[in-house]
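One structure is given here, and the rest of the page talks about it.
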Amino acid sequence: MDTTVEAKRYKRSRQRERILDTLRRTDSHPTAAWIYDELKRDFPDLSLGTVYRNLNILHDQGLVRVLQSGSTFDRFDADTSVHYHFVCQACGKVEDVAFPLPHDLDERASAMLGRVVTGHRLDFFGLCNPCSSAESADPVETGKL
Ligand code: ZN
Ligand code: MN
């Protein structure tokens, strides 16, 4: 019975609404653990597993984007519009990049490859500004050595 459309209709949940709300109020592309930390005061019964389960439901509903940007833990983005990310290889910070790629990139790739293209993935990697200045600074002065 769970294979029918019925299974896609989730009961409204206050926890899930707060998870989405928390995600919409940050542009830091947080992990599930970060969201859990934000909400555990208000929801003492909340578990990290519940946060994950609700994030998966929100993803199913098309309200949340899951980012697999090369780090161990998935990060989540409530901005589901087409945009790209810059990932800092030192601190793992994920920033939005409004990179002007053609809006019909998938169609162009379809035409070129002669097969159906359903999507694409693009991440930029490098050092964020703070990490980049930390790297160029005197390591003794910055207390890193
Ligand atoms: Zn960084
Ligand atoms: Mn984003």
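Within the stretch 20-145, antiparallel bridges make up roughly 65 percent of the DSSP beta bridges whose residues both belong there.
Heavy-atom accessible area, probed at 1.4 angstrom with all protein chains present, ranks 48, 67 as 48, 67, highest first. Between residue 95 and residue 63, residue separation times 0.36 nm minus the direct Cα-Cα distance comes to 9.6 nm. For the stretch 80-127, pairs of C-alpha atoms spaced more than 13 angstrom apart make up 63 percent of the total.
Probing with 1.4 Å while keeping every protein chain in the model, the per residue accessible area of the chain equals 70 Å². Here the chain yields Rg over Rh of 1.06, to two decimals, using C-alpha coordinates and the Kirkwood radius. Counting heavy atoms of the protein chains alone, residue 65 has an accessible area of about 70 Å² for a 1.4 Å probe. Pairs of alpha carbons in the stretch 9-78 separated by more than 20 Å make up 20% of all such pairs.
The values are calculated or read from the model by the stated rules, or taken from the named source; none is laboratory data. These figures come from a predicted structure and were not determined experimentally. Side chains are part of the model used for accessible areas, which takes the heavy atoms of the whole protein and leaves out ligands, DNA and RNA. Shrake-Rupley method; radii C 1.70, N 1.55, O 1.52, S 1.80 Å.
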